[in-house]
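K.L.:
One structure, as structure tokens, below. Some questions next.
The values are calculated or read from the model by the stated rules, or taken from the named source; none is laboratory data. Keep in mind it's a predicted model, so treat the numbers as computed, not measured. Here Cβ is always computed from backbone atoms with ideal geometry, including for glycine, and neighbour counts include all displayed protein chains.
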Amino acid sequence: MTKPLIRVQNIQKKYQGRSILAGPSFEIQPGTFTTLLGANGSGKSTLLRLISGAEFPDSGEVFFKDMRAQSWQIPHKRDMFYINENIQIESSLTMGEFVEKFRQFFPRWHHEFFLQMVKDRRLDMNAHYHQYSRGQKMQFNLILALAAKPEVLLLDEITSVMDVYARRYFLGLLHRFCQAGQTVVMTTNIISELQYYTSHLLLLQNGKMKLQGRLDEVRGGFVKLRFAHGSTHPLLARTDLRWAGVNGDGSENFLLKKETADQLAIEDLYIDRREITLEDIFIYHYADAEEVDHANAA
């Protein structure tokens, strides 16, 4: 088995006495695109900061290539970029001038690739960073990271400030980034957009790792059912049947664990053969009222 690139072991983190992370443990393999899901306030951003070494856990450990995050040296930091929408570049230089200095710190810098991305996204290199819109700033930060060719990109809600064309462009680049053997860990509130890029899934709930694994394996653990709106089928009375969304014709989808569905011998009429989505899985695990209340409070 491939040696994990990142290992997180039983990390605990509190802010002002409130527990944010309560012991999640997991591994991330090289060359994977991992989507990190969770309700607002579930600890997604905190987890990425801990992996990046920007913060340290109260207890537990984070390893990158078998080196503790607390011990990372500068060469290792060049192998990992952490990007979020709060990043600001404070410089009196134009972005073209800034890049000429920035690129010197990254031995794998691919300048032709950088120039092509800048051209594709029509970014003005004679402008200053503060002159860019929020979406342009995020695109510029991503372009810097991709051109530097790190081993890992940690991306925290980066697409929410981009238009649909920019999202499509960069998700395509990130997909190719992983195909080339690099690794992406990404959080998002626009779950559907990562449906066709994600290979692995992490799901945080109440500061703990509720679910982890390959997306195809996670999907294989469920059966999707479809009932007409207002149906009174006996299956709908089951407490382990979870609502998963509404279709264009008004019918409703539900998820049931496959082992349970196999025991029930459900009529084929009610089996929905369409692919189980990331959004279906997210809704399934956040369906109970206690978790919804917790997410709203956060």
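K.L.:
Scan segment 107-124 for residues that are surrounded by fewer than 14 Cβ atoms within 10 Å (Cβ to Cβ) and of a type outside the set (D, E, K, R) and jot them down.
P.N.:
PRO107, HIS111, GLN116
K.L.:
Can you tell me which residue in segment 50-67 is farthest from LEU203 (Cα to Cα), limited to those that are surrounded by 17 or more Cβ atoms within 10 Å (Cβ to Cβ) and of a type outside the set (A, V, I, L, M, F, W, C)?
P.N.:
Checking each candidate, the answer is GLY53.
K.L.:
Only residues that are touching a residue at least 24 places away in the same chain (Cβ under 8 Å), outside any helix (DSSP H, G or I) and of a type in the set (Asp, Glu): list them for segment 258-288, please.
P.N.:
If the condition is that a residue be touching a residue at least 24 places away in the same chain (Cβ under 8 Å), outside any helix (DSSP H, G or I) and of a type in the set (Asp, Glu), then ASP272, GLU275 are the ones that fit.
K.L.:
Answer yes if at least one residue in segment 174-190 is closer than 23 Å to PHE98 by Cβ, in contact with an Asp or Glu (Cβ under 8 Å, 6 or more places away or on another chain) and in a helix (DSSP H, G or I), and no otherwise.
P.N.:
no
Residues checked against (1) crowded, with 18+ Cβ neighbours inside 10 Å; (2) among the acidic types (Asp, Glu); (3) not in a loop (DSSP other than H, G, I, E, B):
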| position | (1), (2), (3) |
| --- | --- |
| PHE81 | yes, no, yes |
| GLU90 | no, yes, no |
| GLU97 | no, yes, yes |
| GLU100 | no, yes, yes |
| GLN104 | no, no, yes |
| ASN126 | no, no, no |
| ASN141 | yes, no, yes |
| ALA147 | yes, no, yes |
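K.L.:
Separate question: May I ask you to list pairs of residues, at least six apart or on different chains, whose Cβ atoms are under 7 Å apart, with the first in segment 216-232 being loosely packed, with under 12 Cβ neighbours inside 10 Å and the second being assigned to a strand (DSSP E or B)?
P.N.:
If the second residue must be assigned to a strand (DSSP E or B), the pairs left are HIS229/GLU252.
K.L.:
Taking segment 40-68 on its own, how many of its residues are charged (D, E, K, R) and assigned to a helix (DSSP H, G or I)?
P.N.:
2
K.L.:
Search segment 22-33 for residues that are touching a residue at least 24 places away in the same chain (Cβ under 8 Å) and in the same structural domain as ASP66 (by TED's automatic domain parsing) and pair each with any residue that is among the hydrophobic types (A, V, I, L, M, F, W, C) and surrounded by fewer than 16 Cβ atoms within 10 Å (Cβ to Cβ) when their beta-carbon atoms are under 9 Å apart and the residues are at least 6 apart or on different chains.
P.N.:
Close Cβ pairs (under 9 Å, with a partner that is among the hydrophobic types (A, V, I, L, M, F, W, C) and surrounded by fewer than 16 Cβ atoms within 10 Å (Cβ to Cβ)) amount to GLN29/MET1; GLY31/ALA180.
K.L.:
Restrict the check to segment 168-190 and report whether at least one residue is of a type in the set (A, V, I, L, M, F, W, C), modelled with pLDDT under 95 and buried (at least 22 other Cβ atoms within 10 Å of the Cβ).
P.N.:
No - not one qualifying residue is present in segment 168-190.
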